[in-house]
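The values are calculated or read from the model by the stated rules, or taken from the named source; none is laboratory data. Computed from a prediction, not measured in an experiment: that's the story for all the values here. All Cβ positions, even for glycine, are placed from backbone atoms using ideal geometry, and neighbour counts span all protein chains on display. Areas reflect the complete protein model, heavy atoms only, side chains present, ligands, DNA and RNA absent. Shrake-Rupley method; radii C 1.70, N 1.55, O 1.52, S 1.80 Å.
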Amino acid sequence: MATVFSLMDLEVFQYINSQVASPFLDMPMATLSSWAVWWPLAILAGVACGGFGGFRGRAMLIAAGLSLGLCDGVVCRNMKKISERPRPHETMSGIRTIDLAKATPRVLAVFLPLREKVSKVEIPAESGRSFPSSHAGNCFALATVVWLFYRRWGWLAFVPASLVALSRMYVGVHWPTDVLAGSLIGVLCAFAVTWFLGFVWKRYVPRLNPALYKAHPEILS
C-alpha cells in the first residue's frame, strides 16, 4: 500500500510539474508561490479589516493570527523536523524548479525573468523540510478562518488557497501529499483556534465585560 501511495504521489507531482507546465503559467504560479510578494497586500487587508470590519473583522484577525501561529510555528515546523522528508528536486534529477528573480522590493520581480533550474542529483538527500507544506497550511488556515466568520462569501478564500497549494507542486518544491497534509493541518488549526476563542469568550467575557458580551454573544457574530 505504501508503495502504491508513493507511486501515485510521484505520478501526480510529475504531471503537475511537467505536463501542466506552460510559459503562460510560469509567472502566475511563481508569484502565487512567493510569500514575499503577497505579505504587503496581506498587511493592507489586515489593516483594512481591523479598521473597518467592526467587531467581527477584529475577532477574525485575532483568530487568523493565532491559527497561523499554531499551524506554521508549532505544527508544521515540528512535523518538518520529525519527518525530514526531502523535497522533490533534492531526490531526483530532471525536476524543474522556478522562482521569482531577486528584487527589492520583491514585488518588482514579477517584471523580471524567472529563475529556472533543472535538478541534477547524484546522491539523493536523506533529509529535508518538505512535509508538510507550510504554504498550503497557512493559506488554508486563513481561508478557513475567513469562511467561519463570513459564511456567505468566505468560501471564496479557498480559491486562492487552492491555487497557492497547486503552485507549490508546479514550481517543484513539494509533493502532493505535502500539500494535502498541509491543507488539512491548516483547516484543523483554524477550527481548533476558533473553537477555543469561542469557549474563552463564553466562559470569561460575560463576567469581565457584560455590555460587550450582550452586544456580541457569539464571537462569530
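Debye-formula intensities of region 85-216, expressed as log10 I(q)/I(0) at q = 0.10, 0.19 Å⁻¹, are -0.49, -1.08 (one equal scatterer per alpha-carbon, no solvent). Helix 35-52 and the long axis of the chain differ in direction by around 10°, with both axes built from C-alpha atoms. When restricted to Cα atoms, the chain yields an Rg and a Dmax of 19.8, 67 Å, respectively. With all protein chains kept in place, the per residue accessible area of the chain amounts to 58 square angstrom at a probe of 1.4 angstrom. Once both axes come from the Cα atoms, what is the angle between helix 176-208 and the longest principal axis of the chain, in degrees from 0 to 90, rounded to 10? Between helix and principal axis, roughly 10 degrees.
A helix-only calculation puts the chain at -19500 deg cm²/dmol for mean residue ellipticity at 222 nm, using -39500 (n - 2.57) for each DSSP H run of at least four residues, averaged over all residues. Taking θ as phi - 60° and the Karplus parameters 6.51, -1.76 and 1.60, the scalar couplings of region 80-93 work out to 4, 5, 6, 6, 6, 7, x, 6, x, 6, 8, 10, 9, 7 Hz in sequence order, x denoting glycine and proline. Taking amide H as placed 1.01 Å from N in the peptide plane, Ile95 has its amide H under 5 Å from the amide H of Ser119, each at least 5 places away in sequence or on another chain. With a bin width of 5 angstrom, please list the P(r) values of region 166-209 as percents of all Cα-Cα pairs, from the 0 bin to the one holding the largest distance. Result returned by the calculation: 5, 20, 15, 13, 11, 9, 9, 7, 6, 5, 1. Shape annotation for region 138-221: C-alpha extents along the principal axes are 53, 22, 12 Å, from largest to smallest. If R0 is 45 Å, what FRET efficiency do you get for Arg115 and Phe55 from their C-beta distance, rounded to 0.05? Given R0 = 45 Å and the Cβ-Cβ separation, E is 0.50. Nonpolar atom fraction for the chain, defined as the carbon and sulfur part of the 1.4 Å probe accessible area, stands at 70 percent. Peptide packing for 34-44, 68-78, 160-170, 200-210 was compared via the average number of neighbouring C-beta atoms within 10 Å per residue; ordered from the highest value, the list is 160-170, 68-78, 34-44, 200-210. Could you tell me what % of all Cα pairs in region 1-112 have separations over 19 Å? Above the 19 Å cut-off, region 1-112 has 67 percent of its Cα pairs. Relative to the longest principal Cα axis of the chain, at what angle does helix 54-68 sit, 0 to 90 degrees, rounded to 10? Helix 54-68 sits roughly 40 degrees off the main axis of the chain. Along region 138-148 the Karplus relation, 6.51 cos²θ - 1.76 cosθ + 1.60 evaluated at θ = phi - 60°, assigns HN-Hα couplings of 5, 5, 6, 5, 4, 4, 5, 4, 4, 5, 5 Hz to successive residues, with x for each Gly and Pro.
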